[in-house]
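Below is one structure, written out as structure tokens; the observations come after it.
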Amino acid sequence: MPLHRRTPFLHLVRLATLGLVLALLAGCGGDDDTPRVAGSPITEAEADVLAQALYRNHQQGGADFVVTAPFAEGALLTLTGEVDFARGIGRAQAVTSYPAEQDRPDDTRTLFFTADTLWLGDVPGLAEALADAGLPPAGYVRRPITTVTQGGTASLIDVLVQLVPALSARQPDDPRSFLERDYTWQGTQSVDGHLASVFQSGTGARTSIDADSKLLVQYVTRLSGQHFDVTVTLSDHGARDIALPADTDTVDATAHPEIATALGL
């Protein structure tokens, strides 16, 4: 379905199931000094860290995040913000950059989100649309988050704002479940200056865990049916207090579908 020209960064992607996308893997180094070959099976100690990874995020309370999604040749969608894992609330600036040959300026939105609702700010044409509809001024449009439409697609923005809070769990997983699957050790890498161990799932998703803190610092996955990887990088773990936009500064797109139609939302 074509997208409205006012919101070019809301590209549609196929999403067979969000649960598949959110199957998180994590790991740490082995217990001995024997050199390992990339692709080696995980150890029991690493399975324990895997089992605690999402729970640790919940215990920490929140984190800063950067999400990158190179959805087309030379085009990149980047979300930069923070998430309250305890309450499942986040805010971010979404910036879409385009290939140099297109000579297009970056497209920027301000986002707030919960498990089922998305607020969009800095929407071009919002003030005019509200005035034309006889509605009071507002800085944000609020609408439900779309999971999968009847056509089997979902907005990339909707997918990403669901992915970030899902990197948290209220209780640990069973370590045995990680030993029973095709999890492999892939070596180490530096993430924001911190040494991290990298593990890969049988489906190709890669997770990096800080070697010292055992906190999740990066998760890379390919969305179902797509040709590009989405990378989520977490930093500065700790409690967050995020206030959602006030109702007086928000127009409800469900109650006013004419606004959503006019803005292509």
Between segment 240-265 and segment 167-224, the alpha-carbon center distance in angstrom: 36
Stretch gain in nm, segment Ala115-Glu180, where the contour uses 0.36 nm per residue and the Cα spacing is subtracted: 20.4 nm
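Restricting attention to segment 126-212, which trypsin sites (Lys or Arg not before Pro) occupy a DSSP loop and are surrounded by at most 11 other Cβ atoms within 10 Å?
Details: sites: Arg142, Arg170, Arg176, Arg181, Arg206; in loops: Arg170, Arg181.
Filter output for segment 126-212: Arg170.
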For segment 89-94, Karplus couplings with θ = phi - 60° (6.51, -1.76, 1.60), whole Hz, Gly/Pro x: 10, x, 9, 6, 9, 9
Which of Ala166, Ala133, Thr110, positive extreme of dipole for segment 101-185 (C-beta unit charges): Ala166
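Students sometimes get this wrong: rank Asp84, Asp249 by accessible area, probe 1.4 Å, all chains present, largest first. Don't skip to the end; give the middle numbers.
On the way: Asp84 5, Asp249 60 Å².
The ranking, largest first, comes out as Asp249, Asp84.
Taking the solvent-accessible surface of protein heavy atoms with a 1.4 Å probe, what is the per residue accessible area of segment 70-137 in Å²? It would help to have the intermediate numbers written out before the result.
Numbers: 3210 Å² over 68 residues.
That works out to 47 Å² per residue.
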Amide H contacts under 5 Å for Thr117, placed H, 5+ residues apart: Ile145
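How high is the FRET efficiency between Lys214 and His256 when r is their beta carbon distance and R₀ equals 45 Å, given to the nearest 0.05? Present the calculation step by step, with values, prior to reporting the outcome.
On the way: r = 47 Å, r/R0 = 1.04.
It comes to 0.45.
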Gained length - Thr80 relative to Asp132, 0.36 nm times residue gap less alpha-carbon distance: 15.5 nm
Cα-centred dipole magnitude for segment 115-255, charges only on beta-carbon of K, R (+1) and D, E (-1), debye, nearest 20: 460
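The values are calculated or read from the model by the stated rules, or taken from the named source; none is laboratory data. Owing to the predicted nature of the structure, the values given are computational and were not obtained by experimental measurement. With ideal geometry, Cβ positions are generated from the backbone for all residues, glycine too; neighbour counts draw on all protein chains shown. Please note that ligands, DNA and RNA were not included when accessible areas were found on the heavy atoms of the full protein model with its side chains. Shrake-Rupley method; radii C 1.70, N 1.55, O 1.52, S 1.80 Å.
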